[in-house]
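Presented below is the structure to which this report refers.
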Amino acid sequence: MKPPPVSLYDATLRDGAQGEGVKFSVEDKLTLARKMDSLGIDYIEGGWPHPARPEDVEFFREARRRIRFTHSRLTAFGSTRRSRVRAHEDEGLKDLIAARTPAVTIFGKAWDLHVKVVLRVTPEENLAMVGESVRVLKRAGREVVYDAEHFFDGYLSDPQYAIATLRAALVAGADWLVLCDTNGGMIPGRIREVMTAVRSRVPGRLGIHTHNDTECAVANSLVAVELGARQVQGTINGYGERCGNANLCSIIPALKLKLGVDCVSDAQLRQLRGISLLASELVTKPPRDEMPWVGASAFAHKAGVHVHAVERLPRTYEQANPEATGNRRRILVSDMAGLATIRWKAEGYGLKLGKDDERGRRILSELKRLESEGLTFEGAEASFELLVRRITRGLKAPFELVDFRVAVEQKKGASVSEATLKVKVGDQVEHTVAEGDGPVNALDSALRKALGRFYPGVKAMHLTDYRVRVINPQAATAAKVRVTIETTDGADTWSTVGVSENIIEASWQALADSVAYKLFKGKRRKPGKR
């Protein structure tokens, strides 16, 4: 039997923006709203259209003007009327109506503690605030989503009153009754207990809104769906206050692939990783590699036993097809690798290594030796590919270092770095000098300047990330450091690594590999004479 439909409600642009370090411009919100519509999200909560939040007001205005939604219903967010104010005179409700969205979400108090201590009104007045607010919005022709804030805490404190708040909204015409674990303190067993009770006593369409303070937000949401919730609220990447909201990037594939709920199409589901990465980019937060379904590590295999099994049958160590959510399988190289890993990686480079191929053993032996010295290739696949090609194909370095010198000076209170470099290309030696914003930048500039005459393609390269890790901190200032750099030429991005007790030497190793990889991958011009 096909499971009943579930509506997806995205709160990234409002609730997600309340997370620490999360900030969206109006353009960011418009960009994400378009992507949400393409993904098949049913409701997009755009913000709180209040004069104190001018960016939200502008977003709703610009969304009306610039976006033609093909699936999603844009939703304004606010609260029930203030106490001792008539609903039709309440400025907050007027602002919600003025936003001209097809749907409106309002929250009201379902926990008697909040009613008495935070609102400081009688229980009866709070019920009137809920019902009257819903009626005003329904008379304005809006679909109304009622968020029962702190519902689960409220139910555990006074179940009769918590249920009464839902009934007040339902009688007034609310289209959705959403049970909120606002503090994020529930676990699946409690959600099951309360959902079961509510379903038997309240006939309206139920939804679920959970926070992640017990690391159970996704699990709690899925349990609620199994028990009858027909709307699931959450945010992309789980952004939100404190520990975040329920992560839609986990909920959506779990609904579709595990519970059989066709909440999005197969093609829409394949957009999920891209949207996750876009959201990370917009808020300038690094993507969480370990995130299920869409993270870079979600389908990454490191242990040789795992790689060997996945090579034969992927589902032995993968709970779903990576491509279903727009992800891909990754085979990591490390000192835990076996020959199966080496063969798999080599095949990805277009190199065939048989089971008894001695080159595979040489690669594995060299890999383990280098990692014992502090190198790691998990995040530096370009360096590993160069290693494989040097051993299997005798790949030669496109240039040879003669020497370099880096000087750092303080001049008039400012730090100035200068690199002097000699490299040999063919039978020619190029000697260059370059300044930079720090010694590594100066060395990078000098290297590309030296090679530019021979290999013009290096001029398009620039670093996008530079990371340093101390390997043996007990050695204090004599410790080894591992430098990993990420480089792009505008078309591709790759990572390389170097290790040394000298941070400049380690940086040089990573820089040299980065340029060598670019020259190997791109079209090269043979060295010419002046």
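Observations
- Qualifying residue in the range 368-387 (condition: over 33 Å from the mean Cα position of the chain (by Cα) and either open to solvent by less than 80 Å² (accessible area, probe 1.4 Å) or among the small types (Gly, Ala, Ser) (or both)): no
- Residues satisfying the stated conditions in the range 280-290, i.e. in a loop (DSSP other than H, G, I, E, B) and open to solvent by less than 40 Å² (accessible area, probe 1.4 Å): Val283
- Output for the range 344-359, where each listed residue is under 15 Å from Lys302 (Cβ atoms) and open to solvent by less than 40 Å² (accessible area, probe 1.4 Å): Lys345
- Qualifying residue in the range 298-316 (condition: more than 30 Å from Asn212 (Cα to Cα), in contact (Cβ under 8 Å) with a residue 40 or more places away in the chain and in a helix (DSSP H, G or I)): no
- Among the residues of the range 241-252, those identified as open to solvent by less than 10 Å² (accessible area, probe 1.4 Å) and over 13 Å from the mean Cα position of the chain (by Cα) are Asn245, Ala246, Ile251, Ile252.
- Scanning the range 135-192 for residues that are among the hydrophobic types (A, V, I, L, M, F, W, C), open to solvent by less than 10 Å² (accessible area, probe 1.4 Å), more than 34 Å from the chain's Cα centre (by Cα) and under 19 Å from Ala229 (Cα atoms) turns up Ala162, Ile163, Leu166, Ala169.
- When Ala63 is tested against (1) open to solvent by less than 10 Å² (accessible area, probe 1.4 Å); (2) closer than 24 Å to Val130 by Cα; (3) free of Cβ contacts under 8 Å to residues at least 60 places away in the same chain; (4) under 28 Å from the mean Cα position of the chain (by Cα), just one condition goes unmet, and that condition is (2).
- Of the criteria (1) closer than 17 Å to Asp147 by Cα; (2) over 18 Å from the mean Cα position of the chain (by Cα), which one Asp10 fails: (2)
Okay, residues lined up against (1) surrounded by 18 or more Cβ atoms within 10 Å (Cβ to Cβ); (2) hydrophobic (A, V, I, L, M, F, W, C); (3) touching a Gly at 6+ places or on another chain (Cβ under 9 Å); (4) modelled with pLDDT under 90:
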| position | (1), (2), (3), (4) |
| --- | --- |
| Ser417 | yes, no, yes, no |
| Thr420 | no, no, no, no |
| Val433 | no, yes, no, no |
| Asn441 | no, no, no, no |
| Ser445 | yes, no, yes, no |
| Tyr455 | yes, no, yes, no |
| Leu463 | no, yes, no, yes |
| Thr477 | no, no, no, yes |
| Glu486 | yes, no, yes, no |
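- Comparison of Leu277, Leu259, Leu255, Leu269 shows that the only residue that is open to solvent by 30 Å² or more (accessible area, probe 1.4 Å) and closer than 19 Å to Met36 by Cα is Leu277.
- When the helices (runs of 4 or more DSSP H) confined to the range 1-120 are screened for residues that are under 25 Å from Asn237 (Cα atoms), those reaching at least 2 such residues are found at 26-39, 54-66.
- Looking only at the range 308-343, and only at residues there that are crowded, with 21+ Cβ neighbours inside 10 Å and at pLDDT below 80, the one that is nearest to Gly374 (Cα to Cα): Val333
- Subset of the range 386-411 [in contact with a strand residue (DSSP E or B) (Cβ under 9 Å, 6 or more places away or on another chain) and within 30 Å of Gly354 (Cβ to Cβ)]: Leu386, Pro398
- For the range 423-440, the criterion of a residue being assigned to a helix (DSSP H, G or I), hydrophobic (A, V, I, L, M, F, W, C) and either touching an Asp or Glu at 6+ places or on another chain (Cβ under 8 Å) or under 30 Å from Thr341 (Cα atoms) (or both) is satisfied by no position.
- Look at (1) within 15 Å of Phe377 (Cα to Cα); (2) open to solvent by 60 Å² or more (accessible area, probe 1.4 Å) and you find that Asn502 fails only one, number (1).
- Pairs where the first residue, in the range 125-141, is of a type in the set (Asp, Glu) and the second is open to solvent by less than 50 Å² (accessible area, probe 1.4 Å), C-beta under 7 Å, 6+ apart: Glu125/Ser83; Glu132/Arg81; Glu132/Ala87
- Flag if Arg82 is open to solvent by 40 Å² or more (accessible area, probe 1.4 Å), out of contact with any strand residue (DSSP E or B) (no Cβ under 9 Å at 6 or more places or on another chain) and farther than 18 Å from Tyr146 by Cα: no
- First in the range 18-30 and under 17 Å from Ile67 (Cα atoms) and polar (S, T, N, Q), second anywhere and assigned to a helix (DSSP H, G or I) and open to solvent by 20 Å² or more (accessible area, probe 1.4 Å), Cβ under 9 Å, 6 or more apart: Ser25/Glu55; Ser25/Leu282
The values are calculated or read from the model by the stated rules, or taken from the named source; none is laboratory data. Bear in mind the structure is a predicted one, so any value in this text is a computation, not a measurement. Every residue, glycine as well, gets a Cβ built from its backbone with ideal geometry; the counts of neighbours run over all protein chains shown. We work out accessible area using only protein heavy atoms, side chains counted, and drop any ligands, DNA or RNA first. Shrake-Rupley method; radii C 1.70, N 1.55, O 1.52, S 1.80 Å.
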